[in-house]
Amino acid sequence: MTDPMSRANNPQMGDDFAAVYEANAHRITGPVSNTALDIVGVGPGTRILDIAAGAGALSGPAAERGAAVLATDIAPGMVRRLAERLRPFHRCGAREMDGEALAVPDASFDAAFSIFGVILFADWRRGLREQARVLRSGGKACVATWGQPPGGGPFIAMSAALRSVFPGVSPPPPPSGMIALCDADRLSAEMSAAGLGSRFTRSRASGGGRWRCIFRGYGSAVWLHATLCGARSGES
């Protein structure tokens, strides 16, 4: 879990960072999010939880489809942006929440998404378990991960910019979850250990990159290099 004191002094928690993140990252996270919504089958009345929702690349389109959306993020700036974006939609809202300790009841959602979110958690296994906990039996979980650090699109550009500005300073290592879960087999095993079933896999090409679709349990997933979906164990 994140230390509240460190959060207070972290510029990534504020409104300015949320605006920059939305402007730069949504061109990558948006297509992944929309494809994940398609494959999971989100539609009118689907109760979804968006964990580490950022500025709403998934929550916004889900609300437009008529889903009942609870968007969560640990950053107050992101949550304020989410709340404004979701304000016009019935049964949709945003709450500040730690993805490693979700303040929602067990078995309360039809689908739970973490699009490039859980891979950043200090205790990503706990994050996966929490994602499974909040699903009804047979509910669908979707996790998006990068195929290799530091990620894609603007994330690579930001890493290159840091190296250019501070050539003598080593960049911080990628989060342990990003390293561990970029491997498809490891991701599959960790999701199963968290309480999500598995069935079969297939791959397909999409756009200029290689996307792999992995179908697990009653759910399905799409990834940009590595996006995985699963289902809460408990039904056949």
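For the range 83-95, the condition of being touching a residue at least 40 places away in the same chain (Cβ under 8 Å) and within 30 Å of residue 192 (Cα to Cα) holds for at least one residue. Considering only residues that are in contact with a Ser or Thr (Cβ under 9 Å, 6 or more places away or on another chain) and buried (at least 20 other Cβ atoms within 10 Å of the Cβ), look in the range 22-33 and name the one that is farthest from residue 59 (Cα to Cα). This residue is 32. Being assigned to a loop (DSSP other than H, G, I, E, B) and in contact with a strand residue (DSSP E or B) (Cβ under 6 Å, 6 or more places away or on another chain) is the filter; apply it to the range 89-140 and report the residue that is modelled with the lowest pLDDT. It comes out as 116. Residues in the range 34-48 that are farther than 21 Å from residue 90 by Cβ and in contact with a Ser or Thr (Cβ under 9 Å, 6 or more places away or on another chain): 35, 36, 39.
Name the single residue that is farthest from residue 103 (Cα to Cα) among those in the range 24-43 being assigned to a loop (DSSP other than H, G, I, E, B) and in contact with a strand residue (DSSP E or B) (Cβ under 9 Å, 6 or more places away or on another chain). Among them, the one singled out is 41. Tell me whether the range 96-104 contains one or more residues that are of a type in the set (Gly, Ala, Ser), touching a helix residue (DSSP H, G or I) at 6+ places or on another chain (Cβ under 9 Å) and surrounded by fewer than 17 Cβ atoms within 10 Å (Cβ to Cβ). Looking through the range 96-104, at least one residue is of a type in the set (Gly, Ala, Ser), touching a helix residue (DSSP H, G or I) at 6+ places or on another chain (Cβ under 9 Å) and surrounded by fewer than 17 Cβ atoms within 10 Å (Cβ to Cβ). Checked against the criteria, residue 77 counts as at pLDDT 90 or above and surrounded by fewer than 23 Cβ atoms within 10 Å (Cβ to Cβ). Annotation: residue 36 fulfils all but one of (1) farther than 13 Å from residue 111 by Cβ; (2) at pLDDT 80 or above; the unmet one is (1).
Only a single criterion out of (1) at pLDDT 80 or above; (2) farther than 27 Å from residue 138 by Cβ; (3) of a type outside the set (Val, Ile, Thr); (4) part of a helix (DSSP H, G or I) is not satisfied by residue 61, namely (2).
The values are calculated or read from the model by the stated rules, or taken from the named source; none is laboratory data. Since we're looking at a predicted model, the values are computed, not measured. Note that each Cβ is placed from the backbone with ideal geometry, even for glycine, and that neighbours are counted across all protein chains shown.
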